[in-house]
1. How many residues are assigned to a helix (DSSP H, G or I) and either outside the structural domain of F236 (by TED's automatic domain parsing) or not hydrophobic (A, V, I, L, M, F, W, C) (or both) if we restrict to the range 252-270?
2. Do we find a residue being more than 23 Å from W97 (Cβ to Cβ) and in contact (Cβ under 8 Å) with a residue 24 or more places away in the chain anywhere in the range 271-283?
Amino acid sequence: MLIVEQAQTVIEGEKLKDIIGKAFSSDRLNINFSVQMNRLVANRHHYDVILDACERLSKRFVKIRDEQGGRRLMSPFLYNIILEEGSGVLRFSVAHWLVDYILDFTHGICRYDLEVALSFRSAFVARLYMLCAGQTRKFAVSIEFLKQFLGVQEKYKQTAMFLRRCIDPAVSEIEKKNVSGFRYETVAGQRGKIEKLVIIPVKRGQEAERRRLGQGSLSVFAPSLLVQYLTMSCGFSNRELSANKEVLGELAKRENWQEIITRIVKFARAKDTPKRYIIGSLKKELKKK
């Protein structure tokens, strides 16, 4: 989740809003991230906890078989982990193809509107919105998981206080924005203590969201998911995408636009001028009936 949050905050190399950190450089093989440690832990005494988590993630591998591209891909979640003493900055790298896969929403990764997520006043609300926005069925999560997910496992020991300070305000704020959110039901254990929440997705305000997204010049034509994908996966700047907004708009009208752009991007990897190839291929594709 942290990788997604950071990766999607980068447009033209700049942060829209500093939630966690940012991707500070990339090439065809790696995306290098920089994270302020004080965004992850309360004080330096907890730095070992973060480094231990990084070490464990560096030992966990992702394996993917790309049937269309004829490739088998494998990488640890994180590598090249660096914490310079006194800097307060954690740096690490993630395989470029892995970030592409995370942000390629055709694989079923949870979808959410980045602009909505960034508009919330609290990181708690943003994360809960991102967790629930793309869900279509109710699901159960433990209280312990939610506390860890929001980074408050040490702050709110009592479940009642946790629900009152974190979960209930999130439900209320998301509802006020008239965007898809959630409600919940509690599940108690044998001793009557609340152990889980059943998260029930609530769909609302799709038309309002689309009207809001139409306020900007590029967003009038292209859905935010398409803009995010081309920005992170292909290195397009906001200016380059704006120059081709009509093409992107026509693409977005196709029901299978995600399949089309994913296929074209895969072929573009081997080209000397991948951006030009992508735009040219889109124009040819859109001429087909």
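The values are calculated or read from the model by the stated rules, or taken from the named source; none is laboratory data. Just so it is clear, the structure is predicted and the values come from calculations on it, not from any experiment. Cβ: placed from backbone, ideal geometry, glycine included. Neighbour counts: every protein chain shown.
1. Matching residues across the range 252-270 total 5.
2. Yes, the range 271-283 has at least one match.
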